[in-house]
Amino acid sequence: NAKREKLIQNMTENLPMLRTRLGLTQEELADKIGVSRSTILSIENKKREMTWNTFLSLVLVFIKNESTNKLLNVLEIYTDEFHDFIKEK
């Protein structure tokens, strides 16, 4: 699905900045979403593609934090279209 791929790409490109903005290490973020630190490292280094489940988990973390919430729309990660999509399902 091209829309999902674009959202994942936007998250991947901005993940280091979003994580840093929350003051989280790769390990702390990994613990929050239930993956290994090496998974976060590989995604940030673009050596591994982010799964849809990982993407959704990250959205939940970043949307619940004031310092990253507003950025998700600007970075085209949590768009109005995506919001409507998840409400439909």
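The values are calculated or read from the model by the stated rules, or taken from the named source; none is laboratory data. Since we're looking at a predicted model, the values are computed, not measured. Cβ sites come from the backbone with ideal geometry, for glycine too, and all protein chains shown count toward neighbours. For accessibility, only protein heavy atoms count, side chains too; no ligands or nucleic acids. Shrake-Rupley method; radii C 1.70, N 1.55, O 1.52, S 1.80 Å.
Quick look at the values:
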item	result
Subset of the range 42-85 (residues that are assigned to a helix (DSSP H, G or I), open to solvent by 60 Å² or more (accessible area, probe 1.4 Å) and more than 18 Å from LYS3 (Cα to Cα))	LEU60, GLU66, ASN69, LYS70
In the range 8-28, the residues that are in a helix (DSSP H, G or I), of a type in the set (A, V, I, L, M) and within 12 Å of ASN65 (Cα to Cα)	LEU18
Among residues of the range 23-35, those that are over 13 Å from SER57 (Cβ atoms), open to solvent by 40 Å² or more (accessible area, probe 1.4 Å) and not acidic (Asp, Glu), counted	2
Leading residue by the ranking (surrounded by the fewest Cβ atoms within 10 Å (Cβ to Cβ)) among those in the range 1-12 that are touching a residue at least 24 places away in the same chain (Cβ under 8 Å) and over 17 Å from SER57 (Cβ atoms)	LYS3
Breaking point among (1) more than 26 Å from ASP84 (Cβ to Cβ); (2) assigned to a helix (DSSP H, G or I); (3) charged (D, E, K, R), for LYS3	(1)
